[in-house]
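Inspection log for the structure reproduced underneath, given as structure tokens.
A short reminder: the numbers here are calculations on the coordinates, not readings from a lab. None of the values given here were measured: they were computed from a predicted structure. We place every Cβ from the backbone using ideal geometry, glycine too, and count neighbours over all the protein chains shown.
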Amino acid sequence: MSKTQPAKLKVLGRYVKVNALLAIIGAVLGLWALQLLFSYLSELDSLNDSYTMSEALKYILYRSPYFLEQFIPTGALLGAVVGLGLLANKSELVVMRASGISVYRIVGWVLQPALVFVLLALAINQFVLPHSNQLANNIHNEDSSSLVTSVRGYWTVQPRFKTVDGNYDNNAENGADNNSESSKLQPDGSDILYIDYADVQGNIGTVKRWHLDNNGNLQMAIHAEGGRYSGRKPINNASSKASEQYSYEWQLSNMTRLTINQGFDSSQAKQSSDTLSLPFAPKSVYLLTRKAEDLSLTQLYEHRQFMRQQDKRSLTHELAFWQKLLSPLSILSLVIVACSFVFGSLRTHSLGLRIVVALLFGLLFSYVQDLVGFISLATGFSPLLMVLLPIIASAVLGGYLLKRQM
């Protein structure tokens, strides 16, 4: 009897796992398909001569991994409710509990197939989204030249210096600290630099630069269609940071220079090429020009470390890092809540009502996650703490409801 008991539990556990796995797969694929359909229909309103139906379909296909990753937590919640609910409707859960199988053992069986989707979500975040989102952005990229301001890409303000003879000192712009020459340098306003795109090969997209004088008046505006990384060169630098020991240069192409003279007279000239110097490597430029949702977990970590080296902080990227890192806990906490819904209503509520409650709770959980994210960005509270709050609340609620059924 003692030998057959574990064997029966093994068979029973496999049965529950298969039912939960199939239900979660069906729920995730169903929600994913609906999102793809509605997204494609919404894209049809944006069709024009250059953005055709085939382009819209290609855009949705590239965005499909993002939609899948977004619906895995809700799909796991819904699938767990459906899978256990079907067992409850056949009174199979009642028989299991009457035979002495604890609620926690059954919940453990359901959590095991949910781990498959935990790994799937992590794999999509790490290996798929950075490439698929970039391909989608290339198709559905708005014309930034028509915008007065833009929050995309990389923005920075660089102080400018010139020597007493009127020549500009690039090393001073890059943060050099040469005591023997610092007395010969004079401040010459600042440059506002914008780079809208960069790739891992060192190529950059549109570059815009505005030169302001010491009083903040605009003196010159430069527009370049793109640039290619040309290498690095050492600079005289007393700083101990390795990233500041080199000046990294890009060769800009197809430049247009607008000079604003005194009396607001202006002159425009085209220039075939020019050099852009930055104090960090092409890989860092790539990280700085990408949206947080388009970066993998490791890239977000590298971005976080780079910002620390620069004594800066990006709450948007920190929030995205913790959301992606802790997404497995979100999925597992929602599955625990789903199990508590089923065990708490075996006889009093129908499966349809359980599904509706699960969907409402999944939407509520998603909205709360977005809300605490906005609170973190607005107040500067720890992104880690704000991401953990809904997960802990969901797990505590699920554990409390399960305990009531013991």
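Just to be sure I understand, if you calculate Rg/Rh (Cα atoms, Kirkwood Rh) for this structure, which of [x] 1.12; [y] 1.21; [z] 1.01 do you get?
Only one listed value fits the structure, namely [x].
For the chain, what does the helix formula give at 222 nm: sum of -39500 (n - 2.57) over DSSP H segments with n ≥ 4, over the residue count, nearest 500 deg cm²/dmol?
Numbers: 13 runs with 224 residues, N = 406.
Only helices count here, giving -18500 deg cm²/dmol.
Scan around MET220 for amide H atoms under 5 Å from its own, H built in the peptide plane at 1.01 Å from N, and keep only partners 5 or more places away or cross-chain.
So MET220 has HN proximity to HIS211, ILE260.
How far, in nm, would the chain grow between SER91 and GLN251 when pulled straight, counting 0.36 nm per residue and subtracting the alpha carbon separation? The partial results should precede the final answer.
On the way: separation 160, 0.36 × 160 = 57.60 nm, distance 7.17 nm.
Residue separation times 0.36 nm, minus the Cα-Cα distance, leaves 50.4 nm.
Filter the trypsin sites (Lys or Arg not before Pro) in region 307-406 down to the DSSP loop ones having no more than 13 other Cβ atoms within 10 Å, then list what survives.
Numbers: sites: ARG308, LYS312, ARG313, LYS324, ARG347, ARG354, LYS403, ARG404; in loops: LYS312, ARG313, ARG347.
When the trypsin sites (Lys or Arg not before Pro) of region 307-406 are filtered for loop state and at most 13 Cβ neighbours within 10 Å, LYS312, ARG313, ARG347 remain.
Where in region 187-212 is the amide nitrogen less than 15 Å from a point lying 7 Å along the Cα-to-Cβ axis of SER314?
Residues 194-200 fall inside that zone.
Quick check on the exposure proxy: order PHE341, PHE38 from fewest to most C-beta atoms within 10 angstrom. Please report the intermediate quantities before stating the final value.
On the way: PHE341 22, PHE38 11.
The most exposed by this proxy come first: PHE38, PHE341.
Using a basic spin-label model with each label point 7 Å from the Cα along Cα→Cβ, how many nm lie between GLU225 and SER42?
3.4 nm
Taking 0.36 nm per residue of sequence separation and subtracting the Cα-Cα distance, how much length would be gained by fully extending the chain between GLU55 and GLN262, in nm to one decimal?
Working: separation 207, 0.36 × 207 = 74.52 nm, distance 4.79 nm.
That pair, GLU55 and GLN262, stretches by 69.7 nm at full extension.
Looking at region 1-50, which trypsin sites (Lys or Arg not before Pro) are DSSP coil and have at most 13 other C-beta atoms within 10 Å of their C-beta? Could the numbers behind the result be given before it?
Numbers: sites: LYS3, LYS8, LYS10, ARG14, LYS17; in loops: LYS3.
Filter output for region 1-50: LYS3.
So if we plug the beta-carbon distance of ILE392 and SER273 into 1/(1 + (r/R0)^6) with R0 = 45 Å, what FRET efficiency do we get, rounded to 0.05?
On the way: r = 55 Å, r/R0 = 1.23.
The pair ILE392/SER273 has a calculated efficiency of 0.20.
Hey, got a sec? Which trypsin sites (Lys or Arg not before Pro) in region 83-119 land in a DSSP loop and have at most 15 other Cβ atoms within 10 Å? Write out the running numbers ahead of the final one.
Numbers: sites: LYS90, ARG97, ARG105; in loops: LYS90.
In loop regions of region 83-119 (DSSP not H, G, I, E or B), the sparsely surrounded trypsin sites (Lys or Arg not before Pro) are LYS90.
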